[in-house]
1. If you go through the stretch 141-149 one residue at a time, do you hit one that is under 30 Å from TRP220 (Cβ atoms), in contact with a helix residue (DSSP H, G or I) (Cβ under 8 Å, 6 or more places away or on another chain) and not assigned by TED's automatic domain parsing to the domain that holds ASN487?
2. Return a yes/no flag: does the stretch 360-372 have any residue that is within 28 Å of the chain's Cα centre (by Cα) and among the hydrophobic types (A, V, I, L, M, F, W, C).
3. Which numbered condition trips up VAL417, out of (1) more than 19 Å from LEU295 (Cβ to Cβ); (2) without any contact (Cβ under 8 Å) to a residue 60 or more places away in the chain?
4. Looking only at the stretch 29-75, filter to residues that are of a type in the set (D, E, K, R), assigned to a loop (DSSP other than H, G, I, E, B) and surrounded by fewer than 19 Cβ atoms within 10 Å (Cβ to Cβ); which one of those is modelled with the highest pLDDT?
5. Given the condition over 30 Å from ALA408 (Cβ atoms) and either out of contact with any strand residue (DSSP E or B) (no Cβ under 7 Å at 6 or more places or on another chain) or at pLDDT 90 or above (or both), answer yes or no: does some residue in the stretch 434-453 qualify?
6. Looking at ILE355, ILE394, ILE374, can you tell me which residue is touching a residue at least 40 places away in the same chain (Cβ under 8 Å), buried (at least 23 other Cβ atoms within 10 Å of the Cβ) and assigned to a helix (DSSP H, G or I)?
7. Return only the number of the condition from (1) in contact (Cβ under 8 Å) with a residue 60 or more places away in the chain; (2) crowded, with 17+ Cβ neighbours inside 10 Å that PHE230 does not satisfy.
8. Pairs, please: C-beta under 6 Å, at least 6 apart or cross-chain, first residue free of Cβ contacts under 8 Å to residues at least 24 places away in the same chain and in the stretch 98-121, second surrounded by fewer than 24 Cβ atoms within 10 Å (Cβ to Cβ) and assigned to a helix (DSSP H, G or I)?
Amino acid sequence: MNNMKLDQSKQLPHKFPRPVEAWFTWLTIIGIVVNASGLLLPILEPDGALYATLSKNMVLRGDYMNLFVDGKDWLDKPHFPFWITAFSFKLFGFNSFAYKLPALLFWLAGAWYTYALAKKLYNKQTAQWGLLIYLSVEHLIISNNDVRAEPYLTGLMIGTAYYYYQAYTSNKWKYFIAGSLLLAFAVMTKGIFIVCMVMAGFVIDWVIKKQWKQFLNYRWWVSMVLVLLFIMPELISLYTQFDRHPEKLVFGQTNVSGIRFFFWDSQFGRFFNTGPIKGTGDKFFYVHTMIWAFLPWSVILFVLIGSCMKNYKTIISPAGNYICSGIALSGFLVFSVSSFQLPHYLNILFPFFAIIVAAWLLNLKNNALVKTIIYSQNTLYYLLFAACIALAFIVGVPYKIAATIVLAFLAFIMLRVFPGNGLPHILARSFGVIMAVNLFLNTLFYPVLFKYQSGKVAADYVNSEQHEPVYLFNDISPEYAFQFYCNEPTYKIDTRDLDTMKTGIMVYTSQEKADSLEHMGYRLQIIQRFPHFHISQLTGKFLNEKTRENAIDQFVIATMQPGLLASITNITAPFCASDKGGVLHRPR
């Protein structure tokens, strides 16, 4: 067995003359900068643009209790992220930066709590590597560009775990209160199921260690009462908007309780597939999701799990901490058996996986496993650089030759700064390559794609050229980016409302809908066309610059005049005075 052990402290120092600890601060700064590099990119359809529009409506209406979109009551997610975003809009205006900044700050808080919890559970070195892994998880970086609720929830969950661990070890009230406050914020971000996931790690730890007295510790029960107290703003808002108005039509029915939806249908209803929002679950969905979402650490995680199947104690340090592994694994299993599954759900578990992976790596002595990790990470290093270069030419990003040279230069520099096959330098290069990949994506790749998110482009055109309300049709997929970025009022209408037209209106719709209206006898004058593709659902045909034209649709800004003479005239000039008409009644 001694031959199977690898004492890195004796065998590897000559391979990494620059200790990674000396680079920790710089790597951390680089990680934060790369995660923030998407702050000024447009908001991605559909969810991000929808959430931004909901928060914008809060500010415009001056109503922070009711959630409205398209002039209708909206019941799905809790209020907390919308309140925070609305506050940011009040400070910075309606723009991408104001929408994404609060989420980035919560994610950044998650980075601090990841470091702090790892240091409490293990040691400083584990905390450093846990933080670097957290900063470089692919889907966390993506989510700081495609912002939904997850950056908020990620920071709040690991923060709750940190304070509750402090409460567990010190039994001080201040930690129970702080943990309960963050847990309440998390519940007001995603739902009551978060309580079960956070507490699962502690319960597992207590059971394994036979800490039965913790179940009788009244402070834990008071903490749960505090959570209920702290979520009262959410409950009051839901009661005011829905429970007080059983006549409202929600999910196609009346007598819908917002409080019941919050406590049951939004979480347990999705889990059991009994709620109004249903899905189809695949028990292995999150297994193959982890392969790309946890890059560049996913292979290491799978090696770790395989090792743990032989000896479960290898998932923890000799200190015997089961909290992170309890939260991560119980959460993963719950998501896997759920009937409603989306890739970003896993994000909230990544801080815990980061700590687990860091602790395991720093205690890894098995020579065979070390060699497996070195080989896999080296292979991944070259594959990711090669994928970026190939993508630059396939997609047709600007400055692709210069981008190729820069990527090759970065690959060479990282090999010089962190040379050899010492495990610390292998990990540092893994961190570096994922930084290069996402810097490429946020500075060159996504800007090309956003030209085809027509809602943002069309809104910019309207803001610069037109000055009147714009109408969108209910039977066309909602383009919330247009509603968010457009400075003019936007209203949703049905085709049958066009019979009430007395004067002309401006519409933003698909070319297909415009053609349909022409055949119905309405006179349209197309002002501008915009290439359109849902870039959150990429296809090979769209990514390939040579076949892209065959994959995109067209959306248009047009004026509609009442009358039976169908006439579509293509022009690109702004409206002249005679083109401007009145406004339809606002649909309710």
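The values are calculated or read from the model by the stated rules, or taken from the named source; none is laboratory data. It should be emphasised that the depicted structure is a prediction, and the values quoted were computed from it without experimental measurement. Cβ coordinates were reconstructed from backbone atoms using ideal geometry, including for glycine residues, and neighbour counts include every protein chain displayed.
1. Within the stretch 141-149, the subset under 30 Å from TRP220 (Cβ atoms) is 149.
Then drop every residue that is not in contact with a helix residue (DSSP H, G or I) (Cβ under 8 Å, 6 or more places away or on another chain), which leaves 149.
So of that shortlist, the ones also not assigned by TED's automatic domain parsing to the domain that holds ASN487 come out as 149.
Within the stretch 141-149, one or more residues are under 30 Å from TRP220 (Cβ atoms), in contact with a helix residue (DSSP H, G or I) (Cβ under 8 Å, 6 or more places away or on another chain) and not assigned by TED's automatic domain parsing to the domain that holds ASN487.
2. Filtering the stretch 360-372 down to residues within 28 Å of the chain's Cα centre (by Cα) leaves 360-361.
Then keep just the ones that are among the hydrophobic types (A, V, I, L, M, F, W, C); that gives 360-361.
Yes.
3. (2)
4. If we filter the stretch 29-75 for residues that are of a type in the set (D, E, K, R), which is where we start, we get 45, 47, 56, 61, 63, 70, 72-73.
When the remaining residues are screened for being assigned to a loop (DSSP other than H, G, I, E, B), the result is 45, 63, 70.
Right, trim to surrounded by fewer than 19 Cβ atoms within 10 Å (Cβ to Cβ) and you get 63, 70.
Values: ASP63: 92, ASP70: 86.
The qualifying residue modelled with the highest pLDDT is ASP63.
5. Taking the stretch 434-453 first, the residues over 30 Å from ALA408 (Cβ atoms) are 453.
Among the residues that remain, those that are also either out of contact with any strand residue (DSSP E or B) (no Cβ under 7 Å at 6 or more places or on another chain) or at pLDDT 90 or above (or both) are: 453.
Yes, the stretch 434-453 contains at least one residue that is over 30 Å from ALA408 (Cβ atoms) and either out of contact with any strand residue (DSSP E or B) (no Cβ under 7 Å at 6 or more places or on another chain) or at pLDDT 90 or above (or both).
6. Working: ILE394 fails: buried (at least 23 other Cβ atoms within 10 Å of the Cβ); ILE374 fails: buried (at least 23 other Cβ atoms within 10 Å of the Cβ).
Checking each option against the conditions leaves just ILE355.
7. (1)
8. ALA98/SER88; ALA98/PHE89; ALA98/PHE92; TYR115/ALA127; LYS119/ALA127
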